[in-house]
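Student: Take a look at this one; I'll ask things after.
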Amino acid sequence: MQGFYSKLDSSPSSSPLLGVGLGREGAPVPLSLAVETEKAQALLQTFSSASLLASAGLGVFCVVADHALQLSVIQHHLWLRAALDNATHGLIGLWSWAVVIGLRKKSDLYEVLLAGLLASIIDLDHFYMAGSLSLKAAVSLPQRPPLHCSSLIPVLCLSLRFLMWIGRLKDAWCSLPWMLFISMVTHHVRDAVRHGLWVCPFGNTAPLPYWLYVSTTATLPHLCSVLMYLTGTRDVISTKHGVAIDV
């Protein structure tokens, strides 16, 4: 996968003092125009052939993994079924975030692993709700556990963003709320095939059609990347730190 890398800060053809850069033929170009051009190129990279191929691969993985989980050898073993189902949640979250940021540096690998971990640990609220470490009790709850309420997703993401602002965390962490968003949404959408989305205080929606789950999961990284662009998050990552922001 190939990410977009900001070179404005290090390019010899641009000068913050002069406010201009040099075009391909040496003609002066306003720095603001160069920045906007780079932003547009970054957005276009979100829909590059490599990015679309990675998303298509994600959709195929969803289908293959779900069919594999239906094998009788897996269905007859509760712990195995639960472990593989949770691992699938994690891999989908990991893959989705990899599509968003690209993989160019070692730190990018840590990010996608964290996204996968966040997508997996959501299911720990089953044990919290059951008040027991018994897997049988955790999977036979009378109602859905708290972290499976989809109304919490914007609340948690915005709260995390607010706490980061209060704590004055560095810009390198500015994508963390989006990572949480991707991890939770992919988990909830996959669960919604069987149970629907739990939207407090309105209740549960009807179960999602399987095709809608797969298509939503495959397109969500692109939607997230566009939203990051519109909110300036990708601009902060790319122009201030020169890190990969998409594939």
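Student: Out of the residues in region 177-222 that are within 29 Å of SER107 (Cα to Cα) and touching a Lys or Arg at 6+ places or on another chain (Cβ under 8 Å), state the one that is modelled with the highest pLDDT.
Tutor: Only one residue fits best here, namely THR217.
Student: Could I ask something else about it? Sort out which residues of region 188-205 are part of a strand (DSSP E or B) and aliphatic (A, V, I, L, M), and write them in order of number.
Tutor: Of everything in region 188-205, just one residue is part of a strand (DSSP E or B) and aliphatic (A, V, I, L, M), namely VAL199.
Student: Out of (1) under 27 Å from the mean Cα position of the chain (by Cα); (2) in a helix (DSSP H, G or I); (3) at pLDDT 55 or above; (4) surrounded by fewer than 18 Cβ atoms within 10 Å (Cβ to Cβ), what's the single condition that is false for ILE74?
Tutor: Every condition holds for ILE74 apart from (1).
Student: With respect to ARG104, is the statement that it is over 30 Å from ALA68 (Cβ atoms) and modelled with pLDDT under 95 true?
Tutor: Yes.
Student: Is there a residue being touching a residue at least 12 places away in the same chain (Cβ under 8 Å), farther than 25 Å from CYS62 by Cα and either touching a helix residue (DSSP H, G or I) at 6+ places or on another chain (Cβ under 8 Å) or open to solvent by less than 70 Å² (accessible area, probe 1.4 Å) (or both) anywhere in region 190-206?
Tutor: Yes, that holds for at least one residue.
Student: Search region 60-71 for residues that are on the phi > 0 side of the Ramachandran plot and pair each with any residue that is open to solvent by 90 Å² or more (accessible area, probe 1.4 Å) and part of a helix (DSSP H, G or I) when their beta-carbon atoms are under 9 Å apart and the residues are at least 6 apart or on different chains.
Tutor: Matching pairs, first to second residue: none at all.
Student: Here is a check on your reading of the model: is ILE101 touching a His at 6+ places or on another chain (Cβ under 8 Å) and touching a residue at least 60 places away in the same chain (Cβ under 8 Å)?
Tutor: no
Student: Does region 93-131 hold any residues that are of a type outside the set (A, V, I, L, M), open to solvent by less than 50 Å² (accessible area, probe 1.4 Å) and not in a helix (DSSP H, G or I), and which are they?
Tutor: GLY102, ASP123
This table checks each residue for (1) open to solvent by 50 Å² or more (accessible area, probe 1.4 Å); (2) part of a helix (DSSP H, G or I).
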| position | (1), (2) |
| --- | --- |
| LEU91 | yes, yes |
| LEU133 | yes, no |
| SER140 | yes, no |
| LEU169 | yes, no |
| THR186 | no, yes |
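The values are calculated or read from the model by the stated rules, or taken from the named source; none is laboratory data. Only a predicted model underlies this, so the values are computations on that prediction, with no experimental measurement involved. FYI the Cβ positions are ideal-geometry reconstructions off the backbone, even for glycines, and counts take in every protein chain you see. When the accessible area is computed, the model is the full protein with side chains, heavy atoms only, and any ligands, DNA or RNA have been set aside. Shrake-Rupley method; radii C 1.70, N 1.55, O 1.52, S 1.80 Å.
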